[in-house]
Structure formats: structure tokens, C-alpha cells
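Okay, so here's the structure we're looking at.
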Amino acid sequence: MIKEIIKYPDPILRKNCEEVKEATEEIIKLCQDMIETKKAGQGIGLAAPQIGELKRIIVIRLEEGPRVFINPKIIKKSKEIEIGEEGCLSFPKLFLKIKRTKEVEVESLDVDGKTIQIKTEGLLARIFQHEIDHLDGILFIDRIGFWQRLNIKRKLTIYGSN
Ligand code: CO
């Protein structure tokens, strides 16, 4: 089912998400809803809190299609930093240049509860970092400079995020 995407400044986006302990029916349904919602929203990635579920689950579109990552963790980072443009379904029409680690290795569970490790770089590494941030209540506007953030927050609060 396609869910409504929660937009900034909803406080849900600032909450910490819980680890998934068991693949219940509910969790499987949530993963399905996330895939459908991400597709409808035309995003490359979506995190569970963006549809109001405080669970450590993200969905990312890979070349072969959308894939679910449960309890994802960055286990290795390169020292190199890259700047690239990012958007977020919770901030319509806002695109920001963000500094991210160039390469990250992510460990997570897949939908069958199997542990997987994935090495990523460039855009994909950037998406993983953005989505995993959501699980800790961190948003991309937190990763820009103070003055730029102040300006953006002011605009978003005065004019709304639409
Ligand atoms: Co986002």
C-alpha cells in the first residue's frame, strides 16, 4: 500500500528507530509498503520513519530493482570525502550539496533474515549514508553549514515545505 510521506518539520523525522528483532507479518508488510511508496514518490531511497514507522529499515533502488535493508550499519568507511547533490522525499524540491564519505561498507539483514555485506561507492554510498542517517533522526539539512541551514529552515517554516 502506498503510504503518505512524512515531511519536514514533523517531529517523527527526528526520532531514533528501533532495531528489527523478528521478521513478523507486520515487518514484511512494512517492507512491501516502503517499496511501493518509494516507487510512487520517485525516490532512490526511503527510510521507515518517512512513513511514520520507527524501525531500522531502508529501501534503496539498485540497478536490479528496489532492495530492502534491515538494521543496516556502516561497518567500514574510506577516508575520502565527496560532495554531491542530494534530495529527500521529506523535503520536496530541496536539493543540497552534501559532503559524504566516498566509499562505505554496509552490513544488514535482507528480507529473508540473512546477513549481507555490501561495498558501495559514489552515489550508492551517498544514498546509504543518507538513508541510515534517517534511522538516527539525522536529516540532510544537518550536514550543511550553519548559515545555509538557518536560511533553509527559515524558508521551510515560513512558506511550508511544499
Ligand atoms: Co531522505
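Karplus-based coupling profile of the range 55-71, in residue order and whole Hz: 10, 7, 9, 10, 10, 10, 7, 9, 4, 7, x, x, 9, 9, 10, 9, 6, with θ = phi - 60° in 6.51 cos²θ - 1.76 cosθ + 1.60 and x standing for Gly or Pro. Which lysines have a Cα less than 26 Å from the Cα of LYS79, not counting those fewer than 8 places away in the same chain? Correct list for LYS79: LYS97, LYS99, LYS102, LYS119.
Fully extending the segment from ILE2 to LEU94, taken as 0.36 nm per residue of separation minus the present Cα-Cα distance, adds 30.9 nm. Residues whose amide H comes within less than 5 Å of that of LYS102, counting only those at least five positions distant or on another chain, are SER78, GLU80, ILE81, GLU82 (H built at 1.01 Å from N in the peptide plane).
In terms of packing, defined here as the mean over residues of other Cβ atoms within 10 angstrom, the peptides 8-19, 86-97 line up highest first as 86-97, 8-19. As an equivalent ellipsoid, the range 56-134 spans semi-axes of 21, 16, 10 angstrom, where each value is the square root of five times an eigenvalue of the C-alpha gyration tensor, largest first. By the rule of a C-alpha distance below 19 Å, with chain neighbours fewer than 8 residues away ignored, the lysines paired with LYS29 are LYS3, LYS21, LYS38, LYS39, LYS55, LYS114. In this rough spin-label picture, where each label sits 7 Å from Cα along the Cβ direction, the ALA23-ILE116 distance is 1.1 nm.
Across q = 0.14, 0.15, 0.20 Å⁻¹, the chain modelled as identical point scatterers on its alpha-carbon atoms has Debye log10 I(q)/I(0) values of -0.68, -0.79, -1.40, in the order of the q list.
Per residue, the chain exposes an accessible area of 58 Å² to a 1.4 Å probe, with every protein chain left in place. Equivalent-ellipsoid semi-axes for the range 1-79 (Cα gyration tensor, √(5λ), whole Å, largest first): 18, 16, 15. For CYS88, the residues 5 or more places off, or on other chains, whose built amide H falls under 5 Å of its own are LEU94.
With R₀ set to 25 Å, the beta-carbon distance separating GLN32 from ASP136 gives a calculated FRET efficiency near 0.55.
If the segment from ILE74 to ASN16 were pulled out straight at 0.36 nm per residue, it would be longer than the present Cα-Cα gap by 19.2 nm. Taking the accessible area of the range 1-136, probe 1.4 Å, and keeping the other protein chains in place, the carbon and sulfur fraction comes to 49%.
Computed from backbone phi with θ = phi - 60° and the Karplus coefficients 6.51, -1.76 and 1.60, the 3J(HN,Hα) list for the range 2-14 is 6, 9, 7, 8, 6, 9, 4, x, 4, x, 4, 5, 9 Hz; x is used for glycine and proline. Here the peptides 71-84, 39-52 are ranked by packing, the mean other Cβ count within 10 Å, and the order with the highest first is 39-52, 71-84. Backbone phi angles across the range 130-142, fed through the Karplus curve with coefficients 6.51, -1.76 and 1.60 (θ = phi - 60°), yield HN-Hα couplings of 4, 6, 5, 3, 4, 5, 10, x, 9, 10, 4, 5, 7 Hz in residue order; Gly and Pro are listed as x.
The values are calculated or read from the model by the stated rules, or taken from the named source; none is laboratory data. Because the structure is a prediction, the values reported are computed rather than measured. Here the Cβ is made from the backbone with ideal geometry for all residues, glycine too, and neighbour counts use every protein chain on show. Just so you know, the surface numbers come from the protein's heavy atoms only, side chains and all, with ligands and any DNA or RNA stripped out. Shrake-Rupley method; radii C 1.70, N 1.55, O 1.52, S 1.80 Å.
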